[in-house]
1. Restricting attention to the range 95-111, does a residue exist that is under 10 Å from the mean Cα position of the chain (by Cα), closer than 18 Å to residue 58 by Cα, assigned to a loop (DSSP other than H, G, I, E, B) and in the same structural domain as residue 57 (by TED's automatic domain parsing)?
2. Any residue in the range 68-86 that is loosely packed, with under 10 Cβ neighbours inside 10 Å and either in contact with a strand residue (DSSP E or B) (Cβ under 6 Å, 6 or more places away or on another chain) or more than 21 Å from residue 113 (Cβ to Cβ) (or both)?
3. Restricting attention to the range 47-62, which residues are under 18 Å from the mean Cα position of the chain (by Cα) and farther than 12 Å from residue 72 by Cα?
4. Select from the range 48-69 the residues that are in a strand (DSSP E or B) and closer than 10 Å to residue 109 by Cα and list them in ascending order.
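The values are calculated or read from the model by the stated rules, or taken from the named source; none is laboratory data. Keep in mind the model is a prediction, meaning the values are calculated, not measured. Neighbour counts are summed over all protein chains in view; Cβ atoms, including those assigned to glycine, are modelled from backbone coordinates with ideal geometry.
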């Protein structure tokens, strides 16, 4: 194999590896957020409720478009049942890290993890 082909394959390999690393990083696999403190329920972009993750709870969120069963258990939140046609919100599973979300588009429902322990230091100076 010629040196030009080796360099070409090396470049292709590096680009693929960087793309894979970027996907893993932005999906949270390589850099999971801090553990959250609250599950915040948004309906049609407006905050509807804020629930502590340290207390187990189960409730139904009713929107103009339908209902979702939300369960908080063991410091995690999930949508366990919904009357939307695709049930993608149920398939998203449990979340507990800051910035993670569960979305039900037909019901305009978003469950987002917020809060958590503030960092010990936000700036270090000499």
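1. Yes, the range 95-111 has at least one match.
2. There is at least one residue in the range 68-86 that is loosely packed, with under 10 Cβ neighbours inside 10 Å and either in contact with a strand residue (DSSP E or B) (Cβ under 6 Å, 6 or more places away or on another chain) or more than 21 Å from residue 113 (Cβ to Cβ) (or both).
3. 47, 49
4. 48, 61, 62, 67, 68
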